[in-house]
Structure formats: structure tokens, C-alpha cells
Ligand code: C2E
Ligand code: MG
Ligand code: MG
Ligand code: MG
């Protein structure tokens, strides 16, 4: 368990000496309490249609703020939640809250904005995840078509039968499945052959790498072309500049997400956006 800390990516606590395990437990306890007391919260980042540049959906991102330290990044606490199993109740909470919010925006606007929710493969293998999704949809009245689950390729357990069956069952429900952070893992191409994804999200390193030279640009264009050839919708992550927008539009990327359009924002800010004159 303490390996994560030893790896040094746990910047919250300086990984010094043998206090690591103790600190790990302390932090885990706080994360557990944060979940119980609902002091975690969600923010939402728009995904815009590449042609109209209007939001068609939102990605749900989890936030945890400690009074004395400020925000702890999900890159730090998600791996801990995964190692301790806390990711399962936490993921259920995120899913329920995200579906509630999406249902609210749908009721307010009459429009089905797609709500994307990040899912850890541990949720899929370690619980009856399909039942959890079905229950969330039923309780909130959100149509399955309005929900998209993002699974990062770094974490997928290659070809596991159980994962495959669950993903297929989710597709049968009508839920969308995105392969997140495409290009950063090891066996993404075989996942694309085996697993029923509907969306490919190109990792931001490829979007940003396109500016570095012709090889970077060719690589980005090839990924988009491949995804299109497979009949997948393509999302570009980490879009920060006008030049990236122009290139991605020219190449026929479907959806764009990044600071150029909007940072992840509070639900109330999205509600105002959707009510404003500029609404989609
Ligand atoms: P992700 O799913 O790939 O989410 C996109 C990340 O990129 C978010 O970081 C977002 O804030 C950031 N981002 C968006 N636009 C830009 C941009 O233009 N430039 C740059 N540099 N970054 C941008 P965040 O919120 O820190 O989340 C990090 C990762 O933590 C996520 O990556 C996801 O894998 C994980 N995560 C976040 N929330 C959850 C959750 O509820 N459940 C699970 N299992 N994982 C989560
Ligand atoms: Mg994601
Ligand atoms: Mg991503
Ligand atoms: Mg990413």
C-alpha cells in the first residue's frame, strides 16, 4: 500500500522516512470522512461541438479541499482511493450526483446534455457496477443516452472477461463509453478492437504536441483519422489555443474540451451559462 507514497507522486505529504504508512492511514481516514460528510464536491467542464463551439456536454471532475492545505489534486487522491477500495463508494457518490445534476439541467433546458463521468476499472471489477449505473439512472430519471462513462486506458485490465461483459451490458443499457487519455497507455489499440467504446478522447499531450512540429501534427491527425475509421466520436482534451482549435476543426474532430473554452466550473456557473443568451 505504501508503494504509492514511496513512488513520490504523493506530493501532499513529503514522503519522508517511516512515517509514510502512518500518514497514509491518516489521509485515508480523512478522505473517508470527507466522503461521509459530503465535503467532496464536483465541478463540470464543458465539451463543445467543434463546428458550433457550443457546449453539448460536460465532464464531471471530483474535487477535495482540505481546510489547512487547500485543494488536493485528483491525481493524488484517486490513486489512494483506488488502492484502499474507497473508490467504490466514492465512485457511486460521484455517479449519483452527476446523474442528479444532468437530470436537473435537462429539466431546466429540455435538452439532453451528455454528462461524462470518470470511472476507475476497480469500480467495474470490484462491484456490481452495471447495477449501480442502472440504479443511478432510474432514481434520477436520466435517460441512459445522456450518460457517458470515461475509462482511462492506463488503467484498463487488458481483455478481462468481466470488464468486457460489464462494458457490453452498459452499452446495452444505452450508456456511452469513452476511452480516456488515449495514447498514454500500453495496449490502447487492442482495447479498441475488443471493447465497445463509442468515444475516443485524445490525451492532451497529443493535442499540445501538434505544435511541436510536423511529426506531432501528423500523429494527431492520424489518431483522428483512425478513430473516424472505427466509427468513434473523437474528443480532443486540453485544447488551449486558437491554433489547436483550427487544426482540430480542419481534421474533423467532433468535440473539443480545454481551458481555451472553459475551466471546470461549479454547477451554478453551468446553470447560468445554460440560461444565458448564448446558450446552445
Ligand atoms: P481526465 O479524466 O483526463 O480529466 C481531464 C483533466 O484535464 C482534468 O484534470 C481537467 O481539469 C484537466 N484539463 C482540462 N482542460 C485542460 C487544459 O486545457 N489544459 C490542461 N493542462 N488541463 C486541462 P483534473 O480535474 O485534475 O483530473 C485529473 C484526473 O483525475 C482526471 O483526468 C481523471 O482521470 C481523474 N478524476 C477526476 N475526477 C474523477 C472521478 O470522479 N473519478 C475517477 N475515477 N477519476 C477522476
Ligand atoms: Mg476523463
Ligand atoms: Mg482524459
Ligand atoms: Mg487526461
Is there a residue being within 22 Å of residue 101 (Cα to Cα), touching a helix residue (DSSP H, G or I) at 6+ places or on another chain (Cβ under 8 Å), away from ligand 1 (no atom under 14 Å from the Cβ) and not in a helix (DSSP H, G or I) anywhere in the stretch 269-279? yes
For residue 232, work out the one condition from (1) closer than 17 Å to residue 46 by Cα; (2) within 16 Å of ligand 2 (Cβ to nearest atom) it doesn't fulfil. (1)
Taking the options 272, 204, 215, 250, name whichever one is within 16 Å of ligand 2 (Cβ to nearest atom), farther than 30 Å from residue 131 by Cα and out of contact with any strand residue (DSSP E or B) (no Cβ under 7 Å at 6 or more places or on another chain). 204
Would you list the strands (runs of 3 or more DSSP E) that sit entirely within the stretch 18-119 and hold 2 or more residues that are under 30 Å from residue 249 (Cα atoms)? 40-49, 55-66, 114-119
Could you tell me whether the stretch 158-171 includes any residue that is at pLDDT below 95 and in contact with a strand residue (DSSP E or B) (Cβ under 7 Å, 6 or more places away or on another chain)? yes
Only one of 94, 117 that is under 27 Å from residue 26 (Cβ atoms), touching a strand residue (DSSP E or B) at 6+ places or on another chain (Cβ under 7 Å) and crowded, with 17+ Cβ neighbours inside 10 Å: 94
Kindly list, by first and then second residue, each pair from a residue in the stretch 232-254 that is over 26 Å from residue 189 (Cβ atoms) to a residue that is surrounded by fewer than 18 Cβ atoms within 10 Å (Cβ to Cβ), limited to pairs with Cβ atoms under 7 Å and residues at least 6 apart or on different chains. 240/259; 240/260; 241/260; 243/211; 245/260
Let me confirm something: among 228, 208, 244, which residue is closer than 20 Å to residue 55 by Cα and surrounded by 15 or more Cβ atoms within 10 Å (Cβ to Cβ)? 244
Across the stretch 115-124, the tally of residues that are in contact with a helix residue (DSSP H, G or I) (Cβ under 6 Å, 6 or more places away or on another chain) and touching a residue at least 40 places away in the same chain (Cβ under 8 Å) stands at 5
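The values are calculated or read from the model by the stated rules, or taken from the named source; none is laboratory data. In this text the structure is predicted, and so the values were computed from the model without any measurement. Positions of Cβ are backbone-derived with ideal geometry, glycine not excepted, and every protein chain shown enters the neighbour counts.
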